[in-house]
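For reference, the structure is listed below as structure tokens.
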Amino acid sequence: MSKVITLANAQIYQQDKLILKNVWFDLEETEFAYLIGKTGSGKSSLLKTLYGELPLTEGEGHVSGYNLKRISKKEIPFLRRKIGIVFQDFQLLPDRTVIENLKFVLGATGWKDKVLIQKRALSCLQLVGIEQKANNFPHTLSGGEQQRVSIARALLNQPSLILADEPTGNLDPETSEEIMQLLIAVAKEENTAILMATHDMNMVEKFPGRIVKVEESELIEVKKA
């Protein structure tokens, strides 16, 4: 099995401040892993490094075939096409319908054919069970529905990796469970690896996956009891 993430002795900085040190981490294709740790411990900084928002200046890092240390500004959009990102606060464009949100992303990532754009957007909405809301505006949807849309958006370019940053953070427990089941199911269906940052330990206990923890600025593999 090939690896979608490889970090070796990576040091992760926010501006000049060292946030995480000596990071060794691999994630294989189709693998599901939780990234846990206290708020402010560096989980988001790690995710931002993986999708090119924070530069990697020390150590080695590869994501979906891209070398994080050598990646140029021009290449970052291409890296992000191979990664689907699911945020806690959905980040949908409020002035566009659900399907227009998806079509906008496809257009921005290089799709040209309008028929194919429509087809791909609809098939991703079907995948997450929300195609009936395609022409609704985001504000008319519940939190769980908005998160389904953002998962559909993350799947548009058939990514090899989904990075989910507290995807259940703004949802009630029942909806959180639905979103977790959905994430795991679509990852299996689409052969996608998932790294999910969370502090919701109920989800971690309920849904099996590898667990890595940020503790005292280091990344530690946690063995399940």
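What number, in percent, do you get for the relative contact order of region 1-126 if the mean sequence gap of Cα pairs under 8 Å and at least 6 apart is divided by its residue count? Please list the in-between numbers first.
On the way: 145 pairs, mean separation 25.9, N = 126.
Relative contact order, region 1-126: 21 percent.
If you compute semi-axes √(5λ) of the Cα gyration tensor in Å for the structure shown, which of [x] 28, 21, 15; [y] 37, 18, 16; [z] 38, 28, 13 do you land on? Working out semi-axes √(5λ) of the Cα gyration tensor in Å from the coordinates points to [x]. Highest GNM mean-square fluctuation among Glu174, Glu60, Glu31, for the chain modelled with Cα contacts below 10 Å: Glu174. When the chain is treated as a Gaussian network with alpha carbon springs shorter than 10 Å, the biggest mean-square fluctuation among His199, His139, His62 belongs to His139. Descending by average beta-carbon neighbour count within 10 Å, the peptides 213-220, 81-88 line up as 81-88, 213-220, the highest first. For Trp111 and Thr30, a Förster radius of 22 Å and the Cβ-Cβ distance give a FRET efficiency of 0.30, rounded to the nearest 0.05.
Highest GNM mean-square fluctuation among Ile179, Ile12, Ile76, for the chain modelled with Cα contacts below 10 Å: Ile76. When each of the peptides 46-54, 2-10 is scored by the mean number of other C-beta atoms lying within 10 Å of its residues, the order from highest to lowest reads 46-54, 2-10. Between Ile184 and Glu215, full extension at 0.36 nm per residue minus the direct alpha carbon distance yields a gain of 8.6 nm.
Full extension of the chain between Asn22 and Glu53 gives 9.2 nm of extra length, using 0.36 nm per residue less the Cα-Cα distance. Per-residue 3J(HN,Hα) values for region 72-79, derived from phi via the Karplus relation 6.51 cos²θ - 1.76 cosθ + 1.60 with θ = phi - 60°, read 8, 4, 5, 7, 4, x, 6, 4 Hz in sequence order (x marks Gly and Pro).
Any chance you could run the full-extension gain for Phe207 through Gln126? It's 0.36 nm times the residue separation minus the Cα-Cα distance, nm to one decimal.
That pair, Phe207 and Gln126, stretches by 26.8 nm at full extension.
Here r is the Cβ-Cβ distance between Ile76 and Glu174 and R0 is 41 Å; the resulting FRET efficiency, rounded to 0.05, is 0.65.
Below 8 Å, C-alpha to C-alpha, sequence gap of six or more: please give me the relative contact order for region 126-193 in percent.
Working: 37 pairs, mean separation 26.7, N = 68.
Worked out over region 126-193, it gives 39 percent.
The H on the amide N of Gln88, modeled in the peptide plane, is under 5 Å from the matching H of Asp165, each at least 5 residues off or on a different chain.
What is the chain's relative contact order, in percent, from Cα pairs under 8 angstrom and six or more apart in sequence? If you can, show how the numbers build up before the last one.
Values: 415 pairs, mean separation 64.4, N = 225.
Relative contact order of the chain: 29 percent.
Taken together, the values in this text are just the output of simple stated rules run on the coordinates, not laboratory data. Because the structure is predicted, anything quoted here is derived from the model rather than measured. Note that each Cβ is placed from the backbone with ideal geometry, even for glycine, and that neighbours are counted across all protein chains shown.
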